[in-house]
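See structure below.
The values are calculated or read from the model by the stated rules, or taken from the named source; none is laboratory data. Since we're looking at a predicted model, the values are computed, not measured. All Cβ positions, even for glycine, are placed from backbone atoms using ideal geometry, and neighbour counts span all protein chains on display. For the accessible areas, the whole protein counts, side chains as well, though only heavy atoms, and no ligand, DNA or RNA atoms are used. Shrake-Rupley method; radii C 1.70, N 1.55, O 1.52, S 1.80 Å.
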2 protein chains.
Amino acid sequence: MSKVTIIGGGKMGKAISNLVTTGGNTVEILTRSDAVTAVTGEIVVLAIPFGAVDDVLARRADEFAGRIVVDITNPVDFDTFDSLVVPADSSAAAELQAKLPQSKVLKAFNTNFAATLESGKVGDATTTVLIAGDDQDAKQSLADIVDASGMKALDAGPLKRARELEAIGFQQLVLAASNQVGWTAGFAVIA
Amino acid sequence: MSKVTIIGGGKMGKAISNLVTTGGNTVEILTRSDAVTAVTGEIVVLAIPFGAVDDVLARRADEFAGRIVVDITNPVDFDTFDSLVVPADSSAAAELQAKLPQSKVLKAFNTNFAATLESGKVGDATTTVLIAGDDQDAKQSLADIVDASGMKALDAGPLKRARELEAIGFQQLVLAASNQVGWTAGFAVIA
């Protein structure tokens, strides 16, 4: 059994928490009011907006050493909604890995709307979580948790593929914001 | 009724040709052996690999002036399969538009495997064609052709979004090449 610490009590944090517990694994949710509560999960999910990451790192980076840290952010420039705020040849996940050299950073969940993680479905298709990362064991640990929930994990490739995953997340947000797909739907992955 | 000229007689060219004629529109397919045949469609689909585009432009760029030109390429570095060959802050479509200032360039079909354009389905979902471009009328002309076929077109945004569409196409190729999705499946778009 794995223990997952989720930083952030918003919609995505709650949906990922449900996914973890549905599969029989254990969750600890830490919100701002739990600032002094220790991180105990071997996997830490940063279920917070991109703009809030540095603040969490300032308080907790030391605690993340030796753990798997999952970045779920879509670093969209919400002023223009026309680009990402990370450099074109990088990604939020790559930046996070650079700031956490003693952690194994994964990119995941950023291509899933919260409602599809709650329902386990995108339309008639099973919700698929795309996971990118450089450490195969770390990816497998998260994939096992996703698969145990009845949803499906796929290996998106090395952490460098976070750039593509963030592009997918951004394009999905563009389609939803223009009312062309619903916030309960979006991109499905069909095997 | 629209007339579409398709440059390229490969799998994608044939699939897009079927899509166009299924919707009651007209197709002209030009392959290498038709080098002297004139382009007559108001929409031109470059159904060729990224590496073949410059050769076609050298012979036909003048003919493309005043027409809608559709870029379907995924400019993947097939030696490493680990990046695109276009600059990170650009796209194959943006480069094509720069070379064809008198054409209206659209990005489309690069997120669709040929088999899903032949069948009209990705799993149980209707095949969706994501179209990016800066000219709304041009996008609508192509969207009308897609919708007439029974498949579905969505507006992915300005041509700048070709960068995201090429990332989606690349990631889908990565998943297929690693046998995690089939070449008859991949990303579906659920409204």
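Listed by first and then second residue, the pairs linking a residue in segment A:144-173 that is on the phi > 0 side of the Ramachandran plot to a residue that is not basic (Lys, Arg), with Cβ atoms under 6 Å apart and 6 or more places separating them unless they lie on different chains, are A:GLY150/A:GLY120; A:GLY157/A:ALA132; A:GLY157/B:VAL174. Looking only at segment B:66-89, residues that are more than 16 Å from B:PRO49 (Cα to Cα) and in contact with a helix residue (DSSP H, G or I) (Cβ under 7 Å, 6 or more places away or on another chain) come to 2 in all. Selection of segment A:46-84 for residues being more than 14 Å from chain B (Cβ to nearest Cβ) and among the small types (Gly, Ala, Ser) yields A:ALA47, A:GLY51, A:ALA52, A:ALA58, A:ALA61, A:ALA65, A:GLY66.
Looking only at segment B:23-37, residues that are open to solvent by 60 Å² or more (accessible area, probe 1.4 Å) and either more than 18 Å from B:LEU117 (Cβ to Cβ) or assigned to a loop (DSSP other than H, G, I, E, B) (or both) come to 3 in all.
Residue check: is A:ALA92 touching a residue at least 12 places away in the same chain (Cβ under 8 Å), touching a Ser or Thr at 6+ places or on another chain (Cβ under 6 Å), away from every other protein chain (no Cβ under 12 Å) and under 18 Å from A:LEU46 (Cβ atoms)? Considered against the rule, which asks whether it is touching a residue at least 12 places away in the same chain (Cβ under 8 Å), touching a Ser or Thr at 6+ places or on another chain (Cβ under 6 Å), away from every other protein chain (no Cβ under 12 Å) and under 18 Å from A:LEU46 (Cβ atoms), A:ALA92 comes out as yes. Residues in segment A:166-191 that are more than 7 Å from chain B (Cβ to nearest Cβ) and either within 17 Å of A:ALA93 (Cβ to Cβ) or open to solvent by less than 30 Å² (accessible area, probe 1.4 Å) (or both): 5 in all. Regarding segment B:119-130, can at least one residue be identified that is open to solvent by 20 Å² or more (accessible area, probe 1.4 Å) and either among the acidic types (Asp, Glu) or in a helix (DSSP H, G or I) (or both)? Yes - at least one qualifying residue is present in segment B:119-130.
Taking the numbered list (1) within 22 Å of A:SER90 (Cβ to Cβ); (2) more than 11 Å from chain A (Cβ to nearest Cβ); (3) surrounded by fewer than 24 Cβ atoms within 10 Å (Cβ to Cβ) in turn, B:GLN102 passes all entries but (1). With respect to (1) open to solvent by 20 Å² or more (accessible area, probe 1.4 Å); (2) away from chain A (no Cβ under 14 Å); (3) over 24 Å from B:GLY186 (Cβ atoms); (4) modelled with pLDDT of 95 or more, the lone exception for B:PRO87 is condition (2).
Within segment B:137-160, not a single residue is assigned to a loop (DSSP other than H, G, I, E, B), in contact with a helix residue (DSSP H, G or I) (Cβ under 8 Å, 6 or more places away or on another chain), within 14 Å of chain A (Cβ to nearest Cβ) and at pLDDT 95 or above.
B:VAL69 falls short of the stated requirement of being in contact (Cβ under 8 Å) with a residue 24 or more places away in the chain, of a type in the set (A, V, I, L, M, F, W, C) and assigned to a helix (DSSP H, G or I).
Hey, any hits in segment B:100-111 for a residue that's assigned to a strand (DSSP E or B), under 12 Å from the mean Cα position of the chain (by Cα) and within 20 Å of B:GLY186 (Cα to Cα)? Checked against the condition, which is being assigned to a strand (DSSP E or B), under 12 Å from the mean Cα position of the chain (by Cα) and within 20 Å of B:GLY186 (Cα to Cα), segment B:100-111 yields at least one hit.
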